[in-house]
Amino acid sequence: MTRPGPEEVKENLRNYLAFLREAGFLYLVPSGKPRILSAHVRAERLEALRTEAAKCMRCKLCRGRTHVVFGEGNPNAGLVFVGEGPGAEEDVQGRPFVGRAGKLLDQMITQVGMQRQDVFICNVVKCRPPGNRDPEEDEMDACEPYLIAQLELIQPRVIVALGRFAAHRLTRTDEPITRMRGRWYQYHKVKLMPILHPAAILRNMNYLQDAIHDLKRAVEEIPRPSA
């Protein structure tokens, strides 16, 4: 299969974003002011987007997947976690972050005073790359409209990029994650903070306290419900 050139990729992306907007999945107006969506509408539209993503064949990752790992969590979450892509266990279950790294992420979320059901968790690409390799540029380009649509529906206050790969993709920078972690960036006008990936922390648990510290700072940016 011939890989499309940069201009063709951009044109395809523009066309697909237009399709999603016409279908009712994208809600930001040109001024950047989001439409206020009810909890019911957000959940309903996310489910429709999940159904659409489950049929996606926009890149070669569709050939080897077991499931599309769309993401899961609270459709009204103030905090969205974005990782790199599904691993083997995620591909089997169709859920993000369910292996050892996912269990550690759950513990980290609990340590900052939240629960997994309070947040939304997804990935840069929704299908597992073969052998857990890094996603390729054309694969990320093909999948990014789904991530943009998810964020525009959920309208979070903060995005936490999990690890080097997600941080590089969402910020379009290539600094070492050890320099990026704990610093503020933006992705589509939403505040974004990179933190160390739970899988990296599992390889060196000395990193855990740094990650918890960064995650606490991200959570502090989310308005808490009044008592």
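Observations
- Taken across the stretch 177-197, residues that are within 14 Å of LEU104 (Cα to Cα) and among the charged types (D, E, K, R) do not occur at all.
- The set of residues in the stretch 26-46 that are at pLDDT 90 or above and closer than 22 Å to LYS191 by Cβ comprises ARG42, LEU46.
- The stretch 87-111, residues that are in contact with an Asp or Glu (Cβ under 9 Å, 6 or more places away or on another chain) and within 18 Å of ASP210 (Cα to Cα): GLY102, ILE109
- Residue check, MET205 touching an Asp or Glu at 6+ places or on another chain (Cβ under 8 Å) and at negative phi: no
- Hits in the stretch 178-192 (condition: of a type outside the set (S, T, N, Q) and over 17 Å from the mean Cα position of the chain (by Cα)): ARG179, MET180, GLY182, ARG183
- The set of residues in the stretch 98-121 being closer than 22 Å to ALA142 by Cβ and either more than 11 Å from the chain's Cα centre (by Cα) or of a type in the set (Phe, Trp, Tyr) (or both) consists of PHE120 alone.
- For the residues GLY87, GLY78, the requirement of being in contact with a Lys or Arg (Cβ under 6 Å, 6 or more places away or on another chain), surrounded by 16 or more Cβ atoms within 10 Å (Cβ to Cβ) and at pLDDT 60 or above singles out GLY78.
- Any hit, the stretch 199-216, residues being modelled with pLDDT of 95 or more, farther than 16 Å from GLN111 by Cβ, over 14 Å from the mean Cα position of the chain (by Cα) and of a type in the set (Gly, Ala, Ser): yes
- Qualifying residue in the stretch 178-186 (condition: surrounded by fewer than 21 Cβ atoms within 10 Å (Cβ to Cβ) and assigned to a strand (DSSP E or B)): yes
- Every condition in (1) surrounded by fewer than 17 Cβ atoms within 10 Å (Cβ to Cβ); (2) in contact (Cβ under 8 Å) with a residue 24 or more places away in the chain; (3) farther than 15 Å from PHE81 by Cβ is met by ASN206 except one, and the failing one is (2).
- All positions within the stretch 131-148 that are under 22 Å from ALA218 (Cα atoms) and crowded, with 21+ Cβ neighbours inside 10 Å: LEU147
- Test: residue in the stretch 50-65 that is within 20 Å of ILE154 (Cβ to Cβ), among the polar types (S, T, N, Q), modelled with pLDDT of 95 or more and surrounded by 15 or more Cβ atoms within 10 Å (Cβ to Cβ): no
- Residue count for the stretch 209-227 satisfying the condition of being loosely packed, with under 13 Cβ neighbours inside 10 Å and under 19 Å from PHE120 (Cβ atoms): 4.
- Taken over the stretch 144-180, the criterion of being within 20 Å of LEU202 (Cβ to Cβ) and touching a residue at least 60 places away in the same chain (Cβ under 8 Å) is satisfied by VAL160, ALA161, LEU162, GLY163, PHE165, ALA166.
The values are calculated or read from the model by the stated rules, or taken from the named source; none is laboratory data. Computed from a predicted structure; not experimentally measured. Positions of Cβ are generated from backbone atoms using ideal geometry, with glycine treated the same way; all protein chains shown enter the neighbour counts.
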